[in-house]
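The structure appears right after this line, and notes come after that.
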Amino acid sequence: MGSTHSIPTFDHDASFNAYVAQPVGTPKAAIIVIQEIFGVNEGIRRKCDGWAALGYLAVAPDLFWRIKPGIELDPDVEAELQEAFGYFGQYDPNDGVKDIEATIRAIRSGVGGLEGVAKVGAVGYCLGGKLAYMVAARTDVDASVGYYGVMIDQMLNESHAIAQPLMLHIPTADHLVGPEAQATIHAGLDDHPKVTLHDYEGLDHGFAAEMGNRRNDAGAELADGRTAAFFAEHLA
């Protein structure tokens, strides 16, 4: 369904690729799909295609381009899982925020062959969930959603800067974000007027993956339904 577009970096000294899925007709808004540590793989492309089917322009930037462009890994293959953790260890999420901000700008201005769309949301998974939180605090994105974001408990000092709606999906049995971290997130964000938190009892990290061993159908459908309603409300 989609195609590859080139997005200029914020300072225009380089560019990176993004998978773009176009809706039929004029987009109702745009959604940036922020990758996990596995790159813009088939699962992320399916997420984009799903948003395009709902009428959104969907864009998934290749955030690991500085390390190795075009990474596509399968979390169910142990060697590829370990490779992904290696990339995560090298990655600077501050670069990710810059690249997502450049993507927001490209979408709004119609750069790189994109159709100019004013309202832009972002949804991310794992590393992308962390970046969704950072983007909510550091950019003018119109709405953000994070699924099982890692290390958010360590960045709550940025929560005062969140000016647009943010939703976070938190599986309570997340083996990468433990109970103490989850409690810290709730203590820091439960009363934030722009933040909505949803817990998923007994579910683990990756439960909303499009495919593979991590997916939990019921949990994914519940969270994805909430995300769709959230974007329909805030990107209308």
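Tabulated results
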item: Test: residue in the range 30-37 that is more than 18 Å from Pro93 (Cβ to Cβ) and open to solvent by 10 Å² or more (accessible area, probe 1.4 Å); result: no
item: Verdict on Asp76 being of a type outside the set (Gly, Ala, Ser), open to solvent by 30 Å² or more (accessible area, probe 1.4 Å) and farther than 26 Å from Val150 by Cα; result: no
item: Every residue from the range 41-78 that is of a type in the set (Lys, Arg), in contact (Cβ under 8 Å) with a residue 24 or more places away in the chain and either farther than 17 Å from Ala220 by Cβ or in contact with a strand residue (DSSP E or B) (Cβ under 9 Å, 6 or more places away or on another chain) (or both); result: Arg45, Lys47, Arg66
item: Boolean, Arg215 is in a helix (DSSP H, G or I), among the basic types (Lys, Arg) and closer than 29 Å to Asp74 by Cα; result: no
item: Options Ile67, Ile71, Ile100; residue that is crowded, with 24+ Cβ neighbours inside 10 Å, on the phi < 0 side of the Ramachandran plot and of a type in the set (Val, Ile, Thr); result: Ile100
item: Complete set of residues in the range 105-137 that are farther than 16 Å from Ala161 by Cβ, in a helix (DSSP H, G or I) and open to solvent by less than 10 Å² (accessible area, probe 1.4 Å); result: Ala106, Ile107, Leu127, Gly128, Gly129
item: Qualifying residue in the range 151-158 (condition: modelled with pLDDT of 95 or more and within 21 Å of Cys48 (Cβ to Cβ)); result: no
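Table: residues versus (1) of a type in the set (Gly, Ala, Ser); (2) touching a strand residue (DSSP E or B) at 6+ places or on another chain (Cβ under 9 Å); (3) open to solvent by 70 Å² or more (accessible area, probe 1.4 Å); (4) more than 15 Å from Ala132 (Cβ to Cβ).
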site: Pro193; (1), (2), (3), (4): no, no, yes, yes
site: Asp204; (1), (2), (3), (4): no, yes, no, yes
site: Glu210; (1), (2), (3), (4): no, no, no, yes
site: Arg214; (1), (2), (3), (4): no, no, no, yes
site: Asp217; (1), (2), (3), (4): no, no, yes, yes
site: Glu221; (1), (2), (3), (4): no, no, yes, yes
site: Ala232; (1), (2), (3), (4): yes, no, no, yes
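The values are calculated or read from the model by the stated rules, or taken from the named source; none is laboratory data. The model shown is predicted, which means the values in this text are computed figures rather than measured ones. Glycine gets a Cβ as well: all are built from the backbone with ideal geometry, and neighbour counts include every protein chain shown. We work out accessible area using only protein heavy atoms, side chains counted, and drop any ligands, DNA or RNA first. Shrake-Rupley method; radii C 1.70, N 1.55, O 1.52, S 1.80 Å.
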